[in-house]
1. For the range A:112-148, what are the residues that are more than 7 Å from every other protein chain (Cβ to nearest Cβ), polar (S, T, N, Q) and assigned to a strand (DSSP E or B)?
2. So which of A:Ala215, A:Ala210 ends up being surrounded by fewer than 18 Cβ atoms within 10 Å (Cβ to Cβ) and either assigned to a helix (DSSP H, G or I) or in the same structural domain as A:Glu156 (by TED's automatic domain parsing) (or both)?
3. If A:Ala157 meets every condition in (1) in contact with a Pro (Cβ under 9 Å, 6 or more places away or on another chain); (2) in a strand (DSSP E or B); (3) among the hydrophobic types (A, V, I, L, M, F, W, C) apart from one, which number is that one?
4. Looking only at residues that are assigned to a helix (DSSP H, G or I), free of Cβ contacts under 8 Å to residues at least 40 places away in the same chain and in contact with a helix residue (DSSP H, G or I) (Cβ under 9 Å, 6 or more places away or on another chain) in the range A:52-91, which one is surrounded by the most Cβ atoms within 10 Å (Cβ to Cβ)?
5. May I ask you to say which residue of A:Ala100, A:Ala29 is surrounded by fewer than 18 Cβ atoms within 10 Å (Cβ to Cβ) and not in a helix (DSSP H, G or I)?
6. Do you know which residues across the range A:131-176 are within 20 Å of A:Trp56 (Cα to Cα), in contact with a Leu (Cβ under 9 Å, 6 or more places away or on another chain) and modelled with pLDDT of 95 or more?
7. Taking into account only those residues within the range B:176-207 that are among the acidic types (Asp, Glu) and either closer than 15 Å to A:Ala22 by Cα or within 14 Å of another protein chain (Cβ to nearest Cβ) (or both), which is surrounded by the most Cβ atoms within 10 Å (Cβ to Cβ)?
8. Filter the range A:27-80 down to the residues that are out of contact with any strand residue (DSSP E or B) (no Cβ under 8 Å at 6 or more places or on another chain) and of a type in the set (A, V, I, L, M, F, W, C), then identify the one that is nearest to the other protein chains (Cβ to nearest Cβ).
There are 2 protein chains.
Amino acid sequence: MIQQIQAAMSGWKLPIGIGDDAAAPPTGAGQLLVSSDTMVEGVHWDERLSPGDVGWKLVAVNASDLGAMGARPSWAMLNLSLPEPLDRAWFLDFLEGLAAAVQHFRLPIIGGDTTRSPQRVLSLTVGGHSQRPLLRSWGRPGDQLWVSGFLGRSAEAFYSKNPSESAKSWFKRPDPPTKLGVAIAEAGLGHAMMDLSDGLKMDLGRLCAASGCGARVFPAKIPGVERLDWRVAFGEDYELLLAAPEEEAAELHQLAGGLGFQLTEIGELTEDRAVILEGGWPEALFSHFETRA
Amino acid sequence: MIQQIQAAMSGWKLPIGIGDDAAAPPTGAGQLLVSSDTMVEGVHWDERLSPGDVGWKLVAVNASDLGAMGARPSWAMLNLSLPEPLDRAWFLDFLEGLAAAVQHFRLPIIGGDTTRSPQRVLSLTVGGHSQRPLLRSWGRPGDQLWVSGFLGRSAEAFYSKNPSESAKSWFKRPDPPTKLGVAIAEAGLGHAMMDLSDGLKMDLGRLCAASGCGARVFPAKIPGVERLDWRVAFGEDYELLLAAPEEEAAELHQLAGGLGFQLTEIGELTEDRAVILEGGWPEALFSHFETRA
């Protein structure tokens, strides 16, 4: 397995690679940031995802975390726990999606560990550099709230009987706007940023709790699929949630448009600690953690 | 769980900690090196290890990888996959051993991920800095071969009916000589270095293959428990294997002694590619990967 992973990374020039006790990541300008996500079969995915989709998603969700801090993706460490004997067809399909995402998000795998396990458990730890990390705790009352892209596609793919192609594609191979996150941070824009992995309802609550403020957002402003609960109460959007002062609005629009991304203003942070969706939040859909087993 | 891990790390001053999408590791002088190891219940441990031992070992085996490259341990990312509902007694015991090892090896946990999984699967990714990384591929014919410490204790604990206290203790809470590895590298000594995790037989083969040479070692010189097969063909020694030019011998002895470690010369690297133990290698004991399930 290690040889095949190594072969899939052969296009990357790395000073010390897979094979030594430790690997030497590429250096970069600014602060190193690291993030990590684990995917467990039966918990985080089922037969709706091909092995290649799983490989893609493992890289994409980690790239999303880096981009949402304003960090340029740089390297990844892979921990693969797979049943024995190895299902070669599964592994090769997985590797295809993994390698495609590694190219797309610029996250070469420089090391890791492979072990046997009754269950497929995949962890990726990623590193990247940021000249200006944007934390979720730096939001201020009066900031405008923005989201990138189009929310609720994964929910549509998960719940709808006739999901759109775009929804199916995002659910299987999400493409988080890491370049937009980096560009916002490096342009000196924004106060607080994070990615939407558990849905706007939950993630906005986290941003507000960390920033010590509240929020008021408007359903008609939230871009995405038709059903409001899918847009705000499911997750796996992997879009950006950004708090930025009002005077940056024009510049943010221009920056996003120039890179081919959409940024939509959905409300604002408030002095009052309540986190309000005008008209009320829909019930949380069961999170993937609780229902997909 | 995250709160408890965070609380256990409260003594460490970290600029951006657990809670954001990504964490900012402490910086250090020299090249960043990262390493990662996964432990799966039933594969890498069984009831011989307490949960606290498992927590300790997860940190220790990763510290060992850093030290064997000459890198000062600096930070760790933890990926915990545990069954639901959470076994609180297991978790608290695990956390005790983990926190003790974090202190001992200076590897504060700065982030990670916790997920549900039918099986306990634990991954740790660690980072450290080295001003002079020592690879396993830099050995040269004529180099003397050295090992630190005392080999075969984990094998004794695993196989013996009456293992010594020292053997039991090393098997449960190994204490790899990371400080010695760092000191050797920073003193500009040695050509190639790695840790002994799979036994001298297998690991020396790897060092020779990577360095493009062979080796000749002598059983009577190999320090450790009485049985030769336990000393060379089991693993979990977490000691250093070092190749260094003969003229460094006195300095190496002095350096190790001054730090309270033992370094023993066991043979040399050869032009000829054969990897020879005088008198022949004992049969490999089944590795932990194959038999401890």
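The values are calculated or read from the model by the stated rules, or taken from the named source; none is laboratory data. As the structure is a computational prediction, the values presented were derived from the model and not from experiment. Cβ coordinates were reconstructed from backbone atoms using ideal geometry, including for glycine residues, and neighbour counts include every protein chain displayed.
1. Just the residues of the range A:112-148 that are more than 7 Å from every other protein chain (Cβ to nearest Cβ), to begin with: A:114, A:120, A:122, A:124, A:126-132, A:134, A:137-148.
After this cut, where a residue has to be polar (S, T, N, Q) as well, the list is A:114, A:130-131, A:137, A:144, A:148.
Across the range A:112-148, the qualifying residues are A:Thr114, A:Ser130, A:Gln144, A:Ser148.
2. Details: A:Ala215 fails: surrounded by fewer than 18 Cβ atoms within 10 Å (Cβ to Cβ).
Of the residues listed, the single one that is surrounded by fewer than 18 Cβ atoms within 10 Å (Cβ to Cβ) and either assigned to a helix (DSSP H, G or I) or in the same structural domain as A:Glu156 (by TED's automatic domain parsing) (or both) is A:Ala210.
3. (2)
4. The first filter runs over the range A:52-91 and keeps only residues assigned to a helix (DSSP H, G or I), leaving A:52-67, A:88-91.
Now restrict to residues that are free of Cβ contacts under 8 Å to residues at least 40 places away in the same chain: A:88-90.
When the remaining residues are screened for being in contact with a helix residue (DSSP H, G or I) (Cβ under 9 Å, 6 or more places away or on another chain), the result is A:89-90.
Details: A:Ala89: 9, A:Trp90: 16.
The extreme case among them is A:Trp90.
5. Details: A:Ala100 fails: not in a helix (DSSP H, G or I).
The conditions single out A:Ala29.
6. A:Gly149, A:Leu151, A:Gly152, A:Ala155, A:Phe171, A:Lys172, A:Pro176
7. Let us first name the residues in the range B:176-207 that are among the acidic types (Asp, Glu), namely B:186, B:195, B:198, B:203.
From what is left, the residues that are either closer than 15 Å to A:Ala22 by Cα or within 14 Å of another protein chain (Cβ to nearest Cβ) (or both) are B:195, B:198, B:203.
Details: B:Asp195: 27, B:Asp198: 19, B:Asp203: 22.
Per the stated criteria, the residue is B:Asp195.
8. Top of the filtered list is A:Ala60.
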